[in-house]
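Below: one structure, written as structure tokens.
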Amino acid sequence: MKKIINDVTRVEEEMISGLIKANPDKLERIENELIVVRRDRKKDKVAIVSGGGSGHEPAHAGYVGYGMLDAAVAGAVYTSPSVDVISEGIRAVENGKGTLLIVKNYTGDVINFNMAAEEVEDEDDIKTMKVVVGDDVAVENSTWTAGRRGVAGTIFVHKIAGAMAENGAELEEVAAVAQKVIDNVRTMGMAINPCIVPAAGIPGFTLGDDEMEIGIGIHGEPGVRREKLRSADDIVDELLEKILSDIDYTGSEVAVMVNGCGGTPLMELYIAFGRVADVLKEKNIKIYRSFVGNFMTSIEMEGFSITLLRLDEQLKTLLDAPADTPAFKN
Amino acid sequence: MNKTKLIEILGRTADVIEENKLYLTELDTEIGDGDHGINMARGFAAVKEKLSGYEEMSCGAIFIDVGKMFIKVVAGSSGPLYGSAFKVIGKTVGDSEEVTYIQFVEGFEKGIAKIQALGMAKEGEKTMIDAMLPALREMQKADIAADGIKNAVAAAEKAVEHTKEIIATKGRASYVGERSIGHQDPGATSFYIMLKVLSEAL
């Protein structure tokens, strides 16, 4: 394993510490915890808390700030934060108007966020609502699976719910618009090279020089299928086909995200985006806004995902509303 | 099982989980996200540091504290699942200087129910539950700990082996679908390892 780190056991700690030092006027940290909160907290605003395991940088702490999250709670790499940490994060930013929890659909995250929500309600009388993001179409959504994973589409939930909360909406309204995003957002990803969890020291899967994994998640786990590597255009076509067979976006206006997994050059992301734009045009799907970059990563994995979000006037306004966070500015 | 024995078993379990850290992690790498061994070892290392303090506590309080450490230190999904189960066992055992076999089995049954409620998993979905329920059934058949736990270990071992044939439909291994066939479930395995330590110590 080759990484630019100091101590394999302090990766999460030093990462958060560096993020705070890079944004001292905007972010602060709850002492000794992997909790990042925004400095300019407003009174009378629904608080928004999200989080999950580390390794997805800039998610989630990079989205803490004006117009997005009030707090991000992190766990070890790819491991949900504990109930205690989540509760502490909620307590730190709660200001009487309730808290929306944005949770990616993984067994660990859901259990810990649920237990934390119960704890703060019982002990601190804090009202919370929770939305669970499951935008990954690689996984079938049925009673026979743990349900679809929450992946890059989560960033749109952060942005739009954050804007709604910043406008002074009530908790129920913020939760409703977050759910609206979840209902209209779909993602599909692939990888050509795996990542190494620092504490594990070995990759989550290995691929031959001419192989790729289709339908990967964001935790370095294998995808749903292994195939021979094909051209960027072919890969984009396959990913889009899977997304479009889940929601028919024809005639809609969409926000598009081509998200890098951490180790993918922007050069390749733009090549992929070019094809996405062409295919969507062909299918009469109008691109309202585009996002190309590393938004929800899997450490150094090489690969990318495509996310489509169907927009209406309300979602367009909220997507365009001001935001000022380390990783997302409007 | 008296308190001294309980503390000794916890220490021994911590050592054995540490020895199996890489093994559990490798199992998890094949079908999950490759951190089960690391997380379990981190939890038991935290428990081990507290062992000397356990001398002053009741058996129930010890189980509850182990549960709290798991929820706090392990996190992920194994942390709150195992942790909540340890807490339930602790509540069942109560403020006592020893753990009777009947109390343990009752606590274990309630602990499994808690895990199933939190994780929404039933038998046959390639999770830790697949090793726990057969073990519980053997324990319930026996009147004394020596027989019950021994038979439970054998049942769990068989069940762990059987997880190779199951398609994961819950937990993170469910994302790889049919590709999970042929791979042993890491959660079921860590449970089997813990149960085996218990059996050998009794």
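The values are calculated or read from the model by the stated rules, or taken from the named source; none is laboratory data. Nothing here was measured: the structure is a model prediction, and the numbers come from that model. In this analysis, Cβ positions are derived from the backbone assuming ideal geometry, glycine residues included, and neighbour counts consider all displayed protein chains.
Assorted remarks:
- Criterion (at pLDDT 95 or above and out of contact with any Pro (no Cβ under 7 Å at 6 or more places or on another chain)) met by exactly one of A:V254, A:V224: A:V254
- All conditions in (1) touching a Gly at 6+ places or on another chain (Cβ under 9 Å); (2) surrounded by fewer than 22 Cβ atoms within 10 Å (Cβ to Cβ) hold for B:A154, with the sole exception of (1).
Each row is one residue, and each column tells you yes or no for (1) assigned to a helix (DSSP H, G or I); (2) of a type in the set (V, I, T); (3) over 24 Å from A:V197 (Cα atoms).
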residue: A:E13; (1), (2), (3): yes, no, no
residue: A:S17; (1), (2), (3): yes, no, no
residue: A:P24; (1), (2), (3): no, no, yes
residue: A:E33; (1), (2), (3): no, no, no
residue: A:D40; (1), (2), (3): no, no, yes
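- For the range A:51-59, the criterion of being at pLDDT below 95 and either part of a loop (DSSP other than H, G, I, E, B) or in contact with a helix residue (DSSP H, G or I) (Cβ under 6 Å, 6 or more places away or on another chain) (or both) is satisfied by no residue at all.
- If you filter the range A:70-84 down to residues that are under 18 Å from A:V37 (Cβ atoms) and in a strand (DSSP E or B), you find that the one that is nearest to the other protein chains (Cβ to nearest Cβ) is A:G75.
- Scan the range A:10-31 for residues that are loosely packed, with under 12 Cβ neighbours inside 10 Å and within 15 Å of A:G201 (Cα to Cα) and the total you get is 0.
- Residue that is surrounded by fewer than 18 Cβ atoms within 10 Å (Cβ to Cβ), in contact (Cβ under 8 Å) with a residue 24 or more places away in the chain and not aliphatic (A, V, I, L, M), where the choices are B:G148, B:G124, B:G107: B:G124
- The range A:41-62: number of residues that are closer than 21 Å to A:A116 by Cα and away from chain B (no Cβ under 14 Å): 9
- Matching residues in the range A:230-239 - criterion: being touching a residue at least 24 places away in the same chain (Cβ under 8 Å) and either under 23 Å from B:S174 (Cα atoms) or assigned to a loop (DSSP other than H, G, I, E, B) (or both): A:E238, A:L239
- Complete set of residues in the range A:289-305 that are out of contact with any Cys (no Cβ under 9 Å at 6 or more places or on another chain) and buried (at least 20 other Cβ atoms within 10 Å of the Cβ): A:F295
- Within the range A:267-288, the set of residues being in contact with a strand residue (DSSP E or B) (Cβ under 9 Å, 6 or more places away or on another chain), surrounded by 15 or more Cβ atoms within 10 Å (Cβ to Cβ) and not hydrophobic (A, V, I, L, M, F, W, C) comprises A:E268, A:Y288.
- Per-region count, the range A:132-184, residues in a strand (DSSP E or B) and crowded, with 24+ Cβ neighbours inside 10 Å: 2
- Of all the listed residues (A:M212, A:M164), the sole one being assigned by TED's automatic domain parsing to the domain that holds A:G260 and at pLDDT 95 or above is A:M212.
- For the range B:76-92, the condition of being of a type in the set (A, V, I, L, M), over 25 Å from B:R42 (Cβ atoms) and either surrounded by fewer than 23 Cβ atoms within 10 Å (Cβ to Cβ) or away from every other protein chain (no Cβ under 14 Å) (or both) holds for none of the residues.
- Count of the range A:199-229 residues which are part of a loop (DSSP other than H, G, I, E, B) and either at positive phi or within 13 Å of another protein chain (Cβ to nearest Cβ) (or both): 17
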